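Visitor: Below you'll find the structure I mean.
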Amino acid sequence: RGIEQISYFQVDNPSVRALDPLFLGLHLDPERSSGEMSSKMIPKTSPEEKVGVFCSIDDRTCVIEYSDLPEELAQATDDTGKLRFIAGSIAIHALSVDFVDRITDGHNAQGLPLHKARKKVPRYLPDEGRTDSPETPNATKLEMFIFDAIPLAGRSLVYETDRVEEFAPIKNSEGVDSPGSSHELQFERAARWIESSGHEFPRDADGRRLANVEISALTAMAPADLKSSPEVPDTISPGDQLAI
């Protein structure tokens, strides 16, 4: 079919750019990458943020899953007070088809390691005739992560991006990484795009949004797409709730 590159991302991140020309261009730039597997990252907000971290092991770029990272390393800081392991993996990658074929091809396949995860799994209690939902983890799940293919690449590029622009995950029902926090990030990105395209957006004296706007991917994939779009209203007023 002539497919040479794969754009990989997680379904729970509605802000992802499925095809990012800049990222793909860097991925294919022989001065920066072997063009096999590249990744995006954002700086972690805290040691407790549940994202893997990029690091170097034996001169190979790797990701350590947050649950595998020792607490003392997760909390470690540099001389400026910033997290030492701050490069958070957001599961956005570009992979060449040739690379995927090479590491999965029959006898030459290079298997990825298994990771142990403890989970709370409902269980049936036959003596009581009911299902029990445990309050603590009671089962072990074995997982494989695509980021473990990164050290198999000749030279892997890691590209830092902006959280508001590209990472608004939905993993929890409320609080951090919930539909509510994802909405807020998407609303803020839309406001930024409208402002950078030359339109005014209502904010208070502290810079907080006074309106909420959602932008369909059919309307714009970048701020420049809004400059001549007839979908953007001439005026956005405080309190407006709009979808364009």
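The values are calculated or read from the model by the stated rules, or taken from the named source; none is laboratory data. Not measured: the values here are computed from a predicted model. Please note: Cβ atoms are built from the backbone with ideal geometry, for glycine as well, and neighbour counts cover all protein chains shown.
Visitor: Which ones in the range 30-45 are part of a loop (DSSP other than H, G, I, E, B), touching a Leu at 6+ places or on another chain (Cβ under 8 Å) and closer than 20 Å to Ala168 by Cα?
Guide: Passing the criteria: only Lys44.
Visitor: I'd like to verify a number: residues in the range 12-29 that are under 17 Å from the mean Cα position of the chain (by Cα) and outside any helix (DSSP H, G or I), how many?
Guide: Result for the range 12-29: 9.
This table checks each residue for (1) over 25 Å from Ser182 (Cβ atoms); (2) β-branched (Val, Ile, Thr).
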{"site": "Gly2", "(1), (2)": "yes, no"}
{"site": "His27", "(1), (2)": "yes, no"}
{"site": "Glu31", "(1), (2)": "yes, no"}
{"site": "Ser56", "(1), (2)": "yes, no"}
{"site": "Val63", "(1), (2)": "no, yes"}
{"site": "Leu69", "(1), (2)": "no, no"}
{"site": "Ala74", "(1), (2)": "no, no"}
{"site": "Ile86", "(1), (2)": "no, yes"}
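Visitor: If I go through the range 74-124 residue by residue, how many of them are closer than 30 Å to Arg17 by Cβ and either of a type in the set (S, T, N, Q) or part of a helix (DSSP H, G or I) (or both)?
Guide: 12
Visitor: Another one. If Asp225 passes every condition in (1) in contact with a Ser or Thr (Cβ under 9 Å, 6 or more places away or on another chain); (2) in a loop (DSSP other than H, G, I, E, B) but one, which one does it miss?
Guide: Unmet for Asp225, out of (1) in contact with a Ser or Thr (Cβ under 9 Å, 6 or more places away or on another chain); (2) in a loop (DSSP other than H, G, I, E, B): (2).
Visitor: Could you check the range 186-210 and list, in sequence order, the residues that are assigned to a loop (DSSP other than H, G, I, E, B) and either of a type in the set (Phe, Trp, Tyr) or farther than 22 Å from Pro169 by Cα (or both)?
Guide: Answer for the range 186-210, where residues must be assigned to a loop (DSSP other than H, G, I, E, B) and either of a type in the set (Phe, Trp, Tyr) or farther than 22 Å from Pro169 by Cα (or both): Ser197, Gly198, His199, Glu200, Phe201, Pro202, Asp204, Ala205, Asp206, Gly207, Leu210.
Visitor: Name, by its number, the condition in (1) hydroxyl-bearing (Ser, Thr, Tyr); (2) touching a helix residue (DSSP H, G or I) at 6+ places or on another chain (Cβ under 8 Å); (3) closer than 12 Å to Ala243 by Cβ that does not hold for Ser216.
Guide: Every listed condition holds for Ser216 apart from (2).
Visitor: From the residues in the range 57-79 that are at pLDDT 95 or above and hydroxyl-bearing (Ser, Thr, Tyr), which one is surrounded by the most Cβ atoms within 10 Å (Cβ to Cβ)?
Guide: Checking each candidate, the answer is Thr61.
Visitor: Could we say that Tyr159 is among the hydroxyl-bearing types (Ser, Thr, Tyr), assigned by TED's automatic domain parsing to the domain that holds Asp58 and part of a strand (DSSP E or B) here?
Guide: So Tyr159 fits the description; yes.
Visitor: Now for a different question. Would a scan of the range 209-218 turn up a residue that is over 24 Å from the mean Cα position of the chain (by Cα) and among the β-branched types (Val, Ile, Thr)?
Guide: No, that holds for no residue.
Visitor: Looking at this structure, is Pro47 in contact (Cβ under 8 Å) with a residue 24 or more places away in the chain, under 13 Å from the mean Cα position of the chain (by Cα) and over 16 Å from Ser156 (Cα atoms)?
Guide: It is false that Pro47 is in contact (Cβ under 8 Å) with a residue 24 or more places away in the chain, under 13 Å from the mean Cα position of the chain (by Cα) and over 16 Å from Ser156 (Cα atoms).
Visitor: Just for the range 30-44: of the residues that are among the hydroxyl-bearing types (Ser, Thr, Tyr) and surrounded by 18 or more Cβ atoms within 10 Å (Cβ to Cβ), which one is nearest to the chain's Cα centre (by Cα)?
Guide: By that ranking, first place goes to Ser39.
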